[in-house]
């Protein structure tokens, strides 16, 4: 069965949208109230391009929350479960954000553009409203708003070659989670060595939304000799590469300790941050659930899972969910992430697919370890 999405003003188009259509966009999803490309009609080729050559992604839906002003650092530090004070200008920190109960509300990258200016690059979440509320509640002197910033990702083993041809050899010296402000043909952007794949590459944070198609075309032209292909974040590759997806992997009711993000928390710092008491208490007693990478039995899945599948222990008791599942070219097996009780996380356990077939889930690794 096929469906169509009705376009309308309620869902935003990115500055690159017309380029996506021109390159054969076939599937979209919605992320941060914006259309996000899902496929261009050949998922297997999109995977190969990402892991063997280079892939170009519209990730403008990765919206930014800008925090600017005298109290900007104080607000960001309070919002983040990771210590941001030591992050120098021009560098990035991956920093989970929680509510007062210690539950994740986003797992953003935080870019420090100046001592008093930050971009919080958010997951699929209305964190802008949260940040604005916290700033007002604490009477902090800073502006909190969504800027005109739209990332474009260049990912894959040839990404450095593409960007060196476009901008010059200096791009090879940009460190991981480092960034610089630059331009090409008068198109301004922040070039950051980052991206939601394990293949390496860059994100180009366009700062003039009227130039989206121009930037896409410039990168495409530089990448043609390297076999560049349009694509987007790939479920199989990001699970293979141990990349977490807020909401997809845990819903809206999990803690960073449950989902393997403990190494990105600064629980022993002296200052207060949102969720600290709850997270300290959880660390003391232990987490009742764990996110685990699992291999799934059965024939090759013909499509990615559309919703979580219930998980059962060997004794038949409900123990959680297989949150996402797909076929993995790297493992030659069905692969998934399951959020299950700590008692069964070491596997094996069972899950039921929509057809009624029961699959065995074999423990591959605790996520984040």
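The values are calculated or read from the model by the stated rules, or taken from the named source; none is laboratory data. Just so it is clear, the structure is predicted and the values come from calculations on it, not from any experiment. Virtual Cβ from ideal backbone geometry, glycine too; neighbours counted across all protein chains shown.
Within the bounds of the stretch 140-158, is there any residue that is in contact with a strand residue (DSSP E or B) (Cβ under 7 Å, 6 or more places away or on another chain) and in a helix (DSSP H, G or I)? Before the answer, list the steps.
So the first thing to find is which residues in the stretch 140-158 are in contact with a strand residue (DSSP E or B) (Cβ under 7 Å, 6 or more places away or on another chain), and the list is 142-147, 149-156.
Then drop every residue that is not in a helix (DSSP H, G or I), which leaves none.
Looking through the stretch 140-158, none of the residues is in contact with a strand residue (DSSP E or B) (Cβ under 7 Å, 6 or more places away or on another chain) and in a helix (DSSP H, G or I).
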Part of a loop (DSSP other than H, G, I, E, B) and either outside the structural domain of residue 369 (by TED's automatic domain parsing) or surrounded by fewer than 20 Cβ atoms within 10 Å (Cβ to Cβ) (or both): does that describe residue 224? no
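For the structure I just gave you, tell me whether residue 60 is surrounded by 14 or more Cβ atoms within 10 Å (Cβ to Cβ) and in a loop (DSSP other than H, G, I, E, B).
Taking the combined requirement at face value, the residue satisfies it.
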Which condition breaks for residue 242 when tested against (1) assigned to a helix (DSSP H, G or I); (2) under 23 Å from residue 48 (Cβ atoms)? (1)
Does residue 101 count as touching a residue at least 24 places away in the same chain (Cβ under 8 Å) and closer than 22 Å to residue 260 by Cα? yes
Residue hits (the stretch 272-306; assigned to a loop (DSSP other than H, G, I, E, B) and either modelled with pLDDT under 95 or closer than 16 Å to residue 333 by Cβ (or both)) are 297, 298, 299, 300, 301, 302, 303, 304, 305, 306
In this structure, does residue 269 turn out to be part of a loop (DSSP other than H, G, I, E, B), closer than 29 Å to residue 79 by Cβ and touching a residue at least 24 places away in the same chain (Cβ under 8 Å)? yes
Can you confirm whether residue 85 is surrounded by fewer than 22 Cβ atoms within 10 Å (Cβ to Cβ) and under 25 Å from residue 191 (Cα atoms)? yes
Would you be able to tell me the number of residues in the stretch 12-54 that are assigned to a loop (DSSP other than H, G, I, E, B) and over 25 Å from residue 163 (Cβ atoms)? 5
